[in-house]
Amino acid sequence: MKSVRPEIGKWGRRFPAQILSLVAFNGYFWRGPGKWFCVPVLNCYACPVGTISCPIGSLTAFALARRIPFYVLGFLGVIGVAVGRAFCGWACPFGLLQDLLYRIRSFKFRLPRAANALKYALLVVLVLGLPLILSGGKRAGSEDRITGEQSGALDYCSLVCPAGTLEGGVPVLAASAEVRAQATWRTWSKIGIAVGILGLTVLARRSFCRALCPLGALMALTSRVSMMQLHTEDKLCTRCQRCVKVCPTYARHLPFKEFKTEATAECVLCLDCVRNCPEKGALSARLCGKTISVSEGRIRE
Amino acid sequence: MSKRAWIVAAMLALLFAGLMAFGLSRGDAGYVRQNASENFCFS
């Protein structure tokens, strides 16, 4: 594959949608009865400020209790089959943060494609495996076999999740001296991990989504068979590779799968490729076979 | 989407909807809500 220089491209309606979801999913702004729903965005699970349940935290909770998470898997599966990873591109507050951080002028590099596999390992090991093996089927009040603490929170993902640290941990620590006094090595290690991940996203576009997000890994399992997909018109595409350059997850690359309908696990359906395509009608997004967005050819390189 | 892809997607959607309904019937949603409301893992 020919290497191309990444570009940010035009955001379009995606930015307002991301802001709206940031407001909707964080209780700093409003609170509602949303804790019943595991909306597939990375949102602090255990934090009281979250208006919805994080699917990753919920899956871990089920693993700790050694219960099969039928509801969580079914809910995520229905969304995944319907719209693939569109929530990653349009609604995830942590995705918005990564998009903003990548706009900081600095040295940029592209993570190797092999890094994509890491998120699947994190899903299996951190979210499901460790809680399932080490919890002994216990939940609140049980002793954590790694930290030895009687915390009742054996959520190993919560030890490293940068979204939880940013949305729940840092604001609470900043607001209360009493809480700061209670901070442990675990608190500071979480903050260190979050800073490291955010630093990486400044340099490598959507690097957390591509390599580290276990929720992205879970949604990627169904995105290949999603009813929402991209479609390239063979006759209209000039292979200028503008779509390749603006793709935040580097999901698009030549050849475009013989210019048929495409579905890849990494595509977050942000439609930046459609918005930035210079050829009218060459690239489109289709939901259930119906075109919902098509390149208008307004943007020229 | 090809006809085959449609059938696969529809069957999967039905399967996941069935899983969700089964989970709801045994109180999974309440379990999710309870865990998400009670735990606070900033430490």
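Any read-out appearing in this document is the output of simple, stated calculations on the displayed coordinates, not a laboratory observation. Just so it is clear, the model here is predicted, and its values are computed rather than measured. Note that we place each Cβ from the backbone using ideal geometry, even for glycine, and neighbour counts take in every protein chain shown.
The table for this structure:
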item	result
Ranked list, fewest to most other Cβ atoms within 10 Å of each Cβ, for A:W90, B:W6	B:W6, A:W90
Distant-in-sequence amide H partners of A:N26 (H built 1.01 Å from N, under 5 Å)	A:T51
Exposure proxy ranking, count of Cβ atoms within 10 Å, fewest first, for A:R180, A:R206, A:R252	A:R180, A:R252, A:R206
Under 5 Å, built H, 5+ apart or other chain: amide partners of A:M227	A:A82, A:V83, A:G84
Cα-based shape type of segment A:156-206, given that a ≥ b ≥ c are square roots of the gyration tensor eigenvalues and the cut on a/c is 1.5	prolate
Cα gyration tensor category, rounded, prolate or oblate, for segment A:65-118 with a/c compared to 1.5	prolate
Distance between segment A:89-120 and segment A:187-211 - C-alpha centres, whole angstrom	9
Contour excess over end-to-end distance, with Cα ends at B:L24 and B:W6 and 0.36 nm allotted per residue	3.8 nm
For a label point 7 Å along the Cα-to-beta-carbon line of A:A121, residues of segment A:195-220 with backbone N under 12 Å	A:212
Nearest-0.05 FRET efficiency for A:V160 and A:I292, computed from C-beta distance (R0 41 Å)	0.70
